[in-house]
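The values are calculated or read from the model by the stated rules, or taken from the named source; none is laboratory data. Note that the structure is a prediction, hence the values are computed from the model and not measured. As a convention, Cβ positions derive from the backbone with ideal geometry for all residues, glycine included, and neighbour counts pool all protein chains shown. Only protein heavy atoms, including side chains, enter the accessible area calculation; ligands, DNA and RNA are left aside. Shrake-Rupley method; radii C 1.70, N 1.55, O 1.52, S 1.80 Å.
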Amino acid sequence: MLWPVPRARANARAMHRITLRRPDDWHLHLRDGAMLRAMAPESARHFGRAIIMPNLVPPVVTGAEARAYRDRILAALPEGHAFTPLMTLYLTEATDPQDVIAAHQAGLITAVKLYPAGATTNSASGVRDIDKVRGVLDAMAEAAIPLCVHGEVVDADVDIFDREAVFIDTVLDPLRRDTPGLRVVMEHITTRRGVDYARSGGPDLGATITTHHLVINRNAILAGGIKPHYYCLPVAKREEHRLALRAAAASGEACFFLGTDSAPHVDPLKEQACGCAGCFTATNTLSILAEIFEQEGALDKLEAFVSLNGPAFYRLPASADVITLEKGDPVAYPAKIDTEDGPVTVFDPMMPLHWRVL
Ligand code: DOR
Ligand code: ZN
C-alpha cells in the first residue's frame, strides 16, 4: 500500500496544534491575466513570499518586464494580504548580464531561472547552448544571484525517467565546477540522485521539493488509466525515489526546502490528447505537508522545510509572522478553482487530510 495510515489516526478526535513561522513557496507559477487573478489569492492565503516563475508567454526576460509582472501580481492580490512576490528572470541566450545585475541591485529580482530549451511548458526560449550564457552565469556568481535550474536534459534518446540524473552528471555538475561561487537551486528534485547530489553540494547548493512529488509515484499517473492531473515535469518517478524525497524533506536538512511548483492549467488543457504538465497544489499544500510530516513522525521538522531553510538559502530573514495548523476532522477544500478561463483541478492527494490552517 502506498499510503500507510499512521497509528495516531486511530485517535483522530484528539486535537493538536502546531504554530510555524509563515511558510514561503520557493517555486510558484502564478501565470497572468484571468488565471493570475484567480491564483494569487490561493497562494497569498497561506504563504508570505514566493519565488515567481517567469515562463509566461512571452517570458519575463528583462528587469523592466519583471517590474511590470510584479506590479500585475500585486494588483491581483486581495486587500489585506501581505504577500511578497520574489521575481525571477527567464534566462535566454540573449540575456544581457548588465540587465540582470541592474535588476538585482534595484531589488526587482531575487533569482534567474534556467530552462533547457524544450524541457517543459513555455521553455522554447530557454538555453540550448550553455556556452552562450557563461557571461551571465559568471556575473551572477560574482553578485551571488541564485540560479534556479530546471534540471532535465531534453535529448530524445534519454528516457524521460532518467533525464534528471543525466542532467546532474552531464550539465549541472560540470556547470558548477566551471562557475565557482555560483549559487544554484535544483528545482523540484524527483530522484534519489537529486537528493544525494543536493546533500553533497555545500552551502551554495539548495534543492526545492514539491508537495506532489512527496505524494505520488509514477503509478499514480499510469496505473488503472491515464490520470492527467498527476502529470507534471519532471515526471514522478518510482516509489524508491518518492521515499528518498520524503526522507529528505522530513530530515530538516538545510539544503531542502518547499517549492510547490504549483502550476495551474485549465482542465481542458490537461484533459486532452496532449495534456499540459503541471499539478495545482497551492490550495491544499499545507494540509498535505502536515499530513505527510506526521506520517513521517517529523512534524517537528515541518517548519524547517516550509519556513526556515528557504529564507536561509536565499539570505533573507524568516517570516516574523506565524500560522497555526490544527488537527481534527477531515479538511474540506474545493475540488476545482473556477477562473474566467475555466476550471482548474486542485491536486487530489488520495488520502484524507486532517490539518487545517487556522
Ligand atoms: O509540471 C510542470 N509545469 N513543470 C514545469 O516545469 C513547468 C510547469 C508549468 O509551467 O506548467
Ligand atoms: Zn515550475
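Do you know which residues across segment 222-254 are open to solvent by less than 50 Å² (accessible area, probe 1.4 Å), of a type in the set (A, V, I, L, M, F, W, C) and within 19 Å of GLY297 (Cβ to Cβ)?
Result: ALA244, LEU245, ALA248, ALA249, ALA250.
Just a yes or no: is a residue in segment 293-311 open to solvent by less than 20 Å² (accessible area, probe 1.4 Å), touching a residue at least 40 places away in the same chain (Cβ under 8 Å) and within 16 Å of ligand 1 (Cβ to nearest atom)?
No, segment 293-311 contains no residue that is open to solvent by less than 20 Å² (accessible area, probe 1.4 Å), touching a residue at least 40 places away in the same chain (Cβ under 8 Å) and within 16 Å of ligand 1 (Cβ to nearest atom).
Only one residue in HIS16, HIS46 is away from ligand 1 (no atom under 16 Å from the Cβ) and modelled with pLDDT under 95, so which one is that?
Unique residue meeting the criteria: HIS16.
Surrounded by fewer than 22 Cβ atoms within 10 Å (Cβ to Cβ) and not in a loop (DSSP other than H, G, I, E, B), is that true of ILE288?
Considered against the rule, which asks whether it is surrounded by fewer than 22 Cβ atoms within 10 Å (Cβ to Cβ) and not in a loop (DSSP other than H, G, I, E, B), ILE288 comes out as no.
Can you confirm whether segment 255-275 contains a residue that is open to solvent by 20 Å² or more (accessible area, probe 1.4 Å), within 16 Å of ligand 2 (Cβ to nearest atom) and assigned to a helix (DSSP H, G or I)?
yes
If HIS265 satisfies every condition in (1) in contact with a Pro (Cβ under 6 Å, 6 or more places away or on another chain); (2) within 11 Å of ligand 1 (Cβ to nearest atom) but one, which is the exception?
For HIS265, the exception is condition (1).
Would you mention how many residues in segment 21-38 are open to solvent by less than 10 Å² (accessible area, probe 1.4 Å) and either among the acidic types (Asp, Glu) or more than 21 Å from THR110 (Cα to Cα) (or both)?
Total satisfying the criteria: 2.
Within the group THR95, THR120, THR62, which residue is away from ligand 2 (no atom under 16 Å from the Cβ), open to solvent by less than 40 Å² (accessible area, probe 1.4 Å) and not aliphatic (A, V, I, L, M)?
THR95
Taking segment 185-221 only, how many residues are of a type in the set (D, E, K, R) and either surrounded by fewer than 17 Cβ atoms within 10 Å (Cβ to Cβ) or assigned to a loop (DSSP other than H, G, I, E, B) (or both)?
Result for segment 185-221: 4.
Does PRO317 meet the test of being surrounded by fewer than 24 Cβ atoms within 10 Å (Cβ to Cβ), away from ligand 2 (no atom under 16 Å from the Cβ) and within 16 Å of GLY48 (Cα to Cα)?
yes
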